[in-house]
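The values are calculated or read from the model by the stated rules, or taken from the named source; none is laboratory data. The shown structure was predicted, so the numbers you read here are calculated from the model rather than taken from an experiment. Cβ placement follows ideal geometry from the backbone for every residue including glycine, while neighbour counts extend to all protein chains displayed. Surface accessibility is based on the protein's heavy atoms, side chains included, excluding ligands, DNA and RNA. Shrake-Rupley method; radii C 1.70, N 1.55, O 1.52, S 1.80 Å.
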Amino acid sequence: MKLLFAHIENYRVHRELKVDLDESLNLIQGPNESGKSTLVEAVHRALFLKAKGTSELHRAMESSHGGEPKVTLEFDARGNRYHLEKTFGSKGTTVLSASGMSQLTGGEAEAELSSILGVDGVVAGRGAASTLPNRWAHLWVWQGQSSNSPLEGLSERAGDLRDKLQAQSGTDLLSSAQDGQVIDALSGICAQTYTSTGKLKSGSELHRVSEALESAHEQYAEKQEKVNALHQAADDFERASSDLQRHGQSLENSQKQLKEVASKLKLVEQSRSELKDKSQAKQEAETQLKSLESADQDIRKLDDRLKQLQAEGEPMAKRLDEQSREFEEQKLGLEAAIKQRTESNECLNYKRLEVDVWRAQLSILKEEKRLAEFEKRLEKIQQLREKQRELERKLAPLNPFSASAIKKLRLLESQLRDAKAELKAYGLKIEVLSSDQAVKLGNKALDTGSVETLNESAELHVGDGVNIRLTPGGARNLREAQDALAQAQDHFDTALKTLAVAGMDEAEESFQKKENGERELKSLEAALKDSDPEGAEQGRQQAENAISTAQARRDALAKDLKEFAVESDEAQIEVKLSELEASLNVMQSEYKERNARELALRQSVEAAEKQLQVLKQSQEQHLAQERELGVELKVKRDQSGDAEQRAQQINRLRARFDQAAEAEKAQLEALQRLGPEQLEMDQKRFTSSLERDQQHLEAARDRKIAAETRLQSSGLSDPEAELAEAQARCEQLEQRYERLNAKAELHRNLLERMQGKQRQATQALAKPLEAAVRPYLQMLFGDGKIQLVWSEDGSRLEQFSIERGTLGSGTYGFENLSHGAREQVALAFRLAVAELLAADHDRCLPMVLDDAFTHSDRARIEKIKTLLYRGSQQGLQLIVLSCHPENYQSLGGQEIGIA
Amino acid sequence: MNEPQILVFPSRVDAEPTVFQERFPLPFMAIKFLHTADLQIGKPFASLEDASKRERLRQQRLATVQSLASMIEDEALDFVVVCGDLFDSATPDKTTVSALCSALGSLKVPVYAIPGNHDHGGPGCIWQQAFFLREQEQLAPNLKVLLEPEPLVTEDYVILPCPLQRRHVSGDPSAWLRSAPEGLPDDRPRIVLAHGSTQGFSSKGEEDSSEGINQIELGLLPEGAYDYIALGDWHGMKQVGQRAWFSGTPEQDRYGKGENNQPGHVLTVEIESRGAMPSVQATKTSAIGWHTLLGVQVDGDAGLDELESTLQGAMGTRAGQDLVKLQVEGSLSLAGFARFESMMESLRARSLDLRLSAELEAEPSQEELDALTRRDDPIISAVALELARESGAEDAEVAGNARSALRELHLLVAKGEAQS
C-alpha cells in the first residue's frame, strides 16, 4: 500500500492543502505550527475513523475556516489505485472508488477500506479515542512518541507478526490453552511448596514435615535421655546394692579378725610387762657390779700415782736449794756495779757544768764585740742624713726650672727667631749696577754700586722723569709678618718674666744648676740605702739581748761550781775550754763502760730470779697433788673396803648378774613367739579397713537411696513407650518427608521441562525478527543485536533488550537506553517489523515519522538517513516530518514544503 | 469333676476351634489352669501414624485379657499363670497400671505372674512402685507377682517361678531348679513359670524378645521333677518339650513370620496329679487380624482384580480390625496405576495399618502414550514424547523418574480435561 496524494479541506488550520507523495521517500518540512502533524493526522483519520460521527475526535477536526472537514486520499493497494473521499461530521460521507471497481459509499466503503488496510473494522462510536491510536501504531510515529517502546505499537498486529514469524521459523510449538492449564496447575502445585526463588516455602507441607521431623528428632533425643537416666539409676541402684553387700561382708570380717587380734595382743602386753621387770633386775645387778669394779680399779690407780709422785719430789727440792744460792751471789755483784756507775756519773756532770760556764763567758765576750761594730755603723748613717738635708735646702728655689719650662722657653725663642727671619725675607734688595742719571730712593740718592734693602714701599727716582714705586712682598703679607714677630716677642718676654730671669742664658744656667743638685741628692740617697740603717739598729738590739742572756746563764751555772773567777781574755778561756773538753771525753768513756757492766749484771740477776720462782711454784704444785691424792685414796678405801673385801663382793655381784640376764633372754624369746609386730600391724590394718568399709557403706547407702528416688516413677507417662513412639515418629516423618520431597521434585522437574519447551518455542519465534533488525543495528552501531521475548502463549512481545557491539558491553533493556538511543533502536525495529508485515500489502507499507529524531545528534541523524534509505529500498514508503529540513539534506527523497 | 470330654471353644475370629491334644480322664484331685504370657499391655504400636488406631490396638489387648474371664468361669479353671511381659514397658504409666490390674482382677481366680524382660523385676521396677501395689490391692487382690525364685506351695499345687530380676540377665533364670528344691511336698503338681528362649528354639529375629539374654536350658532340669513348664517370651504358641509349652500372646501384636507361628492363643492345662502327663488345649483369643501378603504379582487389570479378591477374602467388609502388610510387584498402565492407588486409598482407610511395599512399573499403554503425545497441545505432547523416550533409558533412576513424570503428566492432563 502506498499513499500517493492527499487533499485536505477545512481541517483544523488548513483551509485547503494538496500534497503529492513520493512512492518511496518524502520529507515534509515547514516551521512549527505550520500544520505538518495536522496533515498526517488528517490522513490517519481518513484511513481509520468513520466519517460520520459527532465524537470529540470529529469536533476537534473542525476548522475555523468553516465548512466540513474533508480529506481526499489516493493510494495504491492490491494492485489498484484507490480514490477515497471522507467528509467528517454528523452528516459525514465516505466514498471509495477505484478503476475497475464500482464506487462504494458509506458503510460499504468503510468496510472495504478496513479490509484493504487489514484492520479490524473502522473506528467509531464510544471508545474511538482510545482505539484509534492503536491503528497502524507500528507505522505511525506521532510527534513526541519516538522514544516510546516500539512494542507498544504492536498491540493490534502482534498476531499477524507472530504468524509471519512462525511461518518463517517453521516453529509451531506455541502453547495451547490446555498446555497453559497444565502449566498453571503445575505452577500452582509447585508454588505451594517452593518460593519464586526455588527455596522451600515456609508453611508448605514439605516445610511443615521437615520442621516436624526436626522437632521429632529433638523429642527422640529427649526421650532417649530420660530412658537412659532411668537405666543409669537402675545401674546405680544395683551397684550400690552390691557395694553394700560387699562392704558389709568385709566389715563383718574385719570386726571378727580384730577381736582375735585383740585377745592375742593382751598376752603380748602381759609378756612385755614381765620382760620389763626382768630387764630391770638385770640392769640393777649390772650397775652394782660395774660400779664396784670401777671403784676397785680407781683405788689401784690412785695408789700407783701417789707412789710415783713421792719419788719425783726429792730431786726437785735439791735443785731449788742450788738455785737460791746462785741468785744471792749474783745480786751482790750487781749492787757493787751500780755504785761504781753512780760515782762516775757525778764526776761527769761536774765537768759539763764547768764547760758550760766557760762557754757562756766566751759568748758574752763575742757579743760585746759585735755590739761595738753596730754602734760605729749607726754613727756613719747619721752623717749621711745631715748631708742630704743640706742639699735639699739648696735645691728648693730652683724648682720652677723644670725640664718642661725650659723646653717651652726654648720653643718660644725659636718662634721669635723664625718671625724675624721671615720678616727679613720680605725685604727688596736694590743694587745700582750703573747709571747715567741720578738715582734716588725716596729722598736718598743711590750711587753706582750701592745696595739698598727695602722693607716697606718706597719711591725710586731715576733722573727726573722716572719715578718707580717699590713695594716688597705686597703690602699685606709684610704686615702680618711684622705682627707675628711682635706677638712672638711678647710671648717670649712673658715667659722670661715668669721665670724671673733676664734672658735665655740665665734660664739655661739655672736649669743646669738644678740638674746637677738633683744628681748629687740621688747618689746620697743610694749611699744611705746601702748602709742599711734598720738592719744596723736591729743588730745592735740583738747583740745587747744576747749579752744579757749569756750573763744570766753564766751566773746561774757558776753558783754550783766550787770556785769561779771571771776571765775576760778570750784566748785564756779557749785554752781552758779545750782542757776541760778533753777531760770530759775521758770521763764519758769510763761512764759508758761502767753503765754497760751494770746492765749485763742486772739481766743475769733477773733471769736467776725468774728460774728460782719457777722451781718454787713447781714444787708447791707437786706437794698439793700429793696431799689431794692421799685424801682421795683414804675416802675410797673407807667406802669400798680393802682389796680382799672388794674381791669377794665382786664375785658375788657377777653371779647375780648372770642369773638375771638368763631370765630376761627367756622372757624375750617367749614374747617373740607371740609375733607382736604382726599382731599390731594386723590390728592397724583391720581398724583402717573397718573405717573404710563404714565410709563405703554410708556412701553406698546414700547412693542407693538417691538411685531409688530417681527410679520412683511418677506414673504420669511411660518413658520407654514414649521413646518407642518418638523413634517411630521420626521414621514415619522421614518416610513422609522422602515421599513428599520426591513428589515435589517430580512436579518441579515436570514444570521446568514444560516451561523449557515453552521458552524454546518463543525463542525460536523471536529469531527471524531479531535477524531482520540486525542489518539496521549494524548501520547504527557498527554491530549489535536485539533480544526479544514473546509471551508464553505468543500473544504479545513482552521484552525487548539490546546488545550493542561497540557501545558498551552487556545487554540492556530498551527502557534503560538513552532517549536518543531509544528512538534510533525503535526506528530499526519499526523498519524491520514493517518490512515483515509489508508482505501482506503488496510488499509496501507507508511509515510516518513525525519529528521522530529530536534526541539524535547530527552524526546519528546521518546514520538514520541511511536507515531510512535502506527502508525505502526494501519497498517501504517513508514520510518524514521535520521543521529542520537542513538535517535531512541528501536524504534522497522528495521534499514537500508546507507554509 | 465331670466326665472327660472334648471341649470346643469358638475362637474370636475363626469359626473353627483349634484342638491340640485330647484331654485325659481326670482324677478327683486334678487341677486345671490357664497358661498365658506376653500380654504387653500398653504396647504403643508406635509405627502406626494414626493415634486413634494405635489406641484401638492397645484397648484390644486389654479387652482380650478381660474376655478370658468367661472362659475361666465356663471351664471352672482353678487359677491363671502369666509367664512374663504383662506390661510392654518397665515403666508403664498409671493409666496402664490401673487398666491391667482391673482386667486381671476381673478374672476372679488367683493369677500367678512373673516379670519378663519387658517388665523385669529389677531396681525401680513397676512391681515395687507404690502406685502399682495400691492398685493391685484394690483392683486385683487375686494377682500375685512372684519376684523371687522360691517355691510357692499351696494346698493343691506348687508354683516354681523363674522371674527376670534384672533388665539384662545373662544366666538361665531356671538354673535354681536344676536340682529340685528340698522340702517340696510330693503329693501335688509342680508348675514352673519361666520367661525366655529355649534350646534349639528361640524367638530369633523378633524385635522385642529376650533372645540370647535369658536362655532357659530345659534339658538341664531333672526329669520328672516338675509337671508342667509354662513358658513366655515367644509370641507364637509352641510345645517345646513333653511338658513344656510357650502359650504365645493372647492377642497378636505383630505380623506373623512363617506358618508355625501361631500367635493369639491361650492354653488350658489340666494335670491330674503329681507326675501325670498334663493335658494341654489351645484356644484362639486374638481379635485383630494381622495379614501378611508377600510377593503379590499385579500385572494389568486382571492382576488388580485378583488383588482385590484376595483382600476381600482376608478382610471381608471389616474396617478398623485388621493390619495389612502388602508387597506387590508388576507393571501397570497409567490408568491401572491410578486404579491401584485408589484401591490402596481404601485399604489404608479400612485397615488399622497398611505397610505397603510396591515395586510397580507404571508403563503407559500405547493408547495412553498416543493420547499424550499426539495431541494439539504442543508443549504437553513434546514433553510426553521426551519422557516416553527417557523411560526407556538404561539408567534406572532416569527411567524411573521419567515414568513417574509421565504418570503425573497423565494425571494432570486427565484432571484438566475433566474440568473442561
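Note on chain B: Kirkwood hydrodynamic radius from all Cα pairs is 24.3 Å, rounded to one decimal. Look at the dipole of the stretch A:171-231 built from charges on Cβ: of A:G188, A:S175, A:A216, the Cα furthest out on the positive end belongs to A:A216. Cα centroids of the stretch A:885-899 and the stretch A:584-608: 174 Å apart. Ellipsoid semi-axes for the stretch A:492-542, based on the Cα gyration tensor and the rule √(5λ), read 44, 10, 5 Å when sorted largest first. Taking amide hydrogens as placed 1.01 Å from N in the peptide plane, the amide H of A:F5 sits under 5 Å from those of A:L21, A:E74, each at least 5 positions away in sequence or on another chain.
Given only helices, namely DSSP H runs of n ≥ 4 each adding -39500 (n - 2.57), what is the per-residue ellipticity at 222 nm of chain A, to the nearest 500 deg cm²/dmol? Mean residue ellipticity at 222 nm (helix-derived): -24000 deg cm²/dmol. With only the Cα atoms considered, the stretch A:561-645 has a convex hull volume of 123 Å³ per residue. Residues of the stretch B:369-392 that bury at least 30 Å² of accessible area once all protein chains are present, compared with their chain alone (1.4 Å probe, heavy atoms only, ligands and nucleic acids left out), are B:D377, B:P378, B:I379, B:I380, B:A382, B:V383, B:E386.
Evaluated with a Cβ-only charge set (Lys, Arg +1; Asp, Glu -1), the stretch A:626-666 carries a dipole of roughly 80 debye about its Cα centre, given to the nearest 20. In chain B, the longest principal axis of the Cα atoms and the axis of helix B:396-419 are about 70 degrees apart.
So, in Å, what gap is there between the alpha-carbon centers of the stretch A:152-228 and the stretch B:240-256? So the separation of the two Cα centres works out to 54 Å.
Report summary: the helix-based calculation at 222 nm, which adds -39500 (n - 2.57) for every DSSP H run with n ≥ 4 and divides by the residues of chain B, gives -10000 deg cm²/dmol. When the accessible areas of B alone and A alone are added and the area of the pair subtracted, with a 1.4 Å probe, the result is around 3400 Å², both sides summed.
Per-peptide packing, taken as the mean over residues of other Cβ atoms within 10 Å, places A:157-165, A:532-540, A:103-111 in the sequence A:157-165, A:103-111, A:532-540 from highest down. B:Y157 contributes an accessible area of around 20 Å² to the protein surface, as traced by a 1.4 Å probe with all chains present.
Expressed as a fraction of 2.2 N^0.38 Å, the value expected for a compact globular protein of N residues, the C-alpha radius of gyration of the stretch A:388-471 is 2.17.
Applying a DSSP loop filter and a limit of 12 other Cβ atoms within 10 Å to the GluC sites (Glu not before Pro) in the stretch A:32-65 leaves A:E33. Here the 3J(HN,Hα) profile of the stretch A:278-289, calculated from phi with Karplus coefficients 6.51, -1.76 and 1.60 at θ = phi - 60°, is 5, 4, 5, 4, 4, 5, 4, 4, 5, 4, 4, 4 Hz, Gly and Pro shown as x.
For chain A, the longest principal axis of the Cα atoms and the long axis of helix A:504-530 meet at an angle of about 70 degrees.
Burial here means at least 30 square angstrom less accessible surface with every protein chain in place than with the chain by itself, probed at 1.4 Å; in the stretch B:157-190 the buried residues are B:R166, B:R167.
Shape summary of the stretch A:123-166, radius of gyration then Dmax from alpha carbon positions: 11.9, 35 Å.
Counting every alpha-carbon pair across the stretch A:103-217, the share separated by more than 25 Å comes to 59%. Placing unit charges on the Cβ atoms only, positive for Lys and Arg and negative for Asp and Glu, gives chain A a dipole magnitude near 1840 debye about its Cα centre. Can you work out the FRET efficiency for the pair A:Q310 and A:S279, with r the C-beta to C-beta distance and R0 = 60 Å, to the nearest 0.05? That pair, A:Q310 with A:S279, gives E of 0.80. A convex hull fitted to the Cα coordinates of the stretch B:262-301 yields 103 cubic angstrom per residue. With R₀ set to 60 Å, the beta-carbon distance separating A:E563 from A:K610 gives a calculated FRET efficiency near 0.75.
In order along the stretch A:700-715, the phi-based Karplus estimate (6.51 cos²θ - 1.76 cosθ + 1.60, θ = phi - 60°) of 3J(HN,Hα) comes to 5, 4, 4, 4, 5, 4, 4, 5, 4, 4, 5, 7, 4, 7, 6, x Hz; Gly and Pro are listed as x. Counting 0.36 nm for each residue step from A:N443 to A:T54 and taking away their Cα separation leaves a gain of 123.1 nm.
Note on the stretch A:83-153: the C-alpha convex hull projects to 6.0 nm² when averaged across all orientations.
Other protein chain C-beta atoms within 10 Å of residue C-beta, averaged over B:404-410: 4. Under the convention that each Lys and Arg Cβ holds +1 and each Asp and Glu Cβ holds -1, the size of the dipole of the stretch A:72-111 around its Cα centre is about 40 debye. Among B:L360, B:L387, B:M344, which residue has its Cα positioned farthest towards the positive end of the charge dipole of the stretch B:271-411, with +1 placed on the Cβ of Lys and Arg, -1 on the Cβ of Asp and Glu, and the dipole taken about the Cα centre? The residue sitting farthest along the positive end of the dipole is B:M344. Between the stretch A:245-316 and the stretch A:31-92, the C-alpha centres lie 160 angstrom from each other. The string of couplings for the stretch A:320-332 from the Karplus curve (6.51, -1.76, 1.60, θ = phi - 60°) is 4, 4, 4, 5, 5, 5, 4, 4, 4, 4, 4, 4, 5 Hz, one whole number per residue in order, with x for Gly and Pro. Normalising the Debye intensity of the stretch A:11-66 to I(0), with uniform scatterers on Cα atoms only, and taking log10 at q = 0.12, 0.16, 0.19, 0.22 Å⁻¹ returns -0.32, -0.57, -0.77, -0.98. The share of alpha-carbon pairs in the stretch A:814-882 lying farther apart than 15 Å comes to 52%. Accessible surface computed residue by residue for chain A, with neighbouring protein chains in place and a 1.4 Å probe, gives 58 Å² per residue. For chain A, the fraction of alpha-carbon pairs lying more than 50 Å apart is 75 percent, rounded to a whole number. Subtracting the Cα-Cα distance of A:E691 and A:T471 from 0.36 nm times their residue separation leaves 62.0 nm of extension gain. Scaling the Cα radius of gyration of the stretch B:72-211 by the globular reference 2.2 N^0.38 Å produces a ratio of 1.08.
Taking amide H as placed 1.01 Å from N in the peptide plane, the amide H of B:K43 sits under 5 Å from that of B:D88, each at least 5 places away or on another chain. Put a dot 7 Å past the Cα of B:A396, heading toward its Cβ, do the same for A:E620, and the two dots end up 13.9 nm apart. Calculate how many DSSP beta bridges within the protein assembly as shown are antiparallel, expressed in % of all such bridges and rounded to the nearest 5. In the protein assembly as shown, approximately 55 percent of DSSP beta bridges are antiparallel ones.
Take each peptide in A:559-568, A:639-648, B:316-325, count the other Cβ atoms within 10 Å of every residue, and average; sorted highest first, the result is B:316-325, A:639-648, A:559-568. Give the calculated FRET efficiency between B:R318 and B:A338 to the nearest 0.05, with a Förster radius of 25 Å applied to their Cβ-Cβ distance. So, using R0 = 25 Å, E works out to roughly 0.45.
Remark on A:Y11: its backbone amide H falls under 5 Å from those of A:K70, a criterion applied only to residues 5 or more positions apart or on other chains, H modelled at 1.01 Å from N.
Selection among A:A124, A:Q249, A:N585 by position relative to the dipole of the protein assembly as shown gives A:N585 as farthest towards the positive end (Cβ unit charges, Cα centre).
Only residues of the stretch A:747-764 count here: report those whose backbone N is under 19 Å from the spot 7 Å along Cα→Cβ of A:E205, or say none. The answer is A:747-751. Between A:R627 and A:F5, the modelled label-to-label distance comes to 19.5 nm, taking each label 7 Å out from Cα in the direction of the beta carbon. Relative to the dominant Cα principal axis of chain A, helix A:819-837 is inclined by about 30°. Over all projection directions, the Cα-based convex hull of the stretch A:772-854 averages an area of 6.3 nm².
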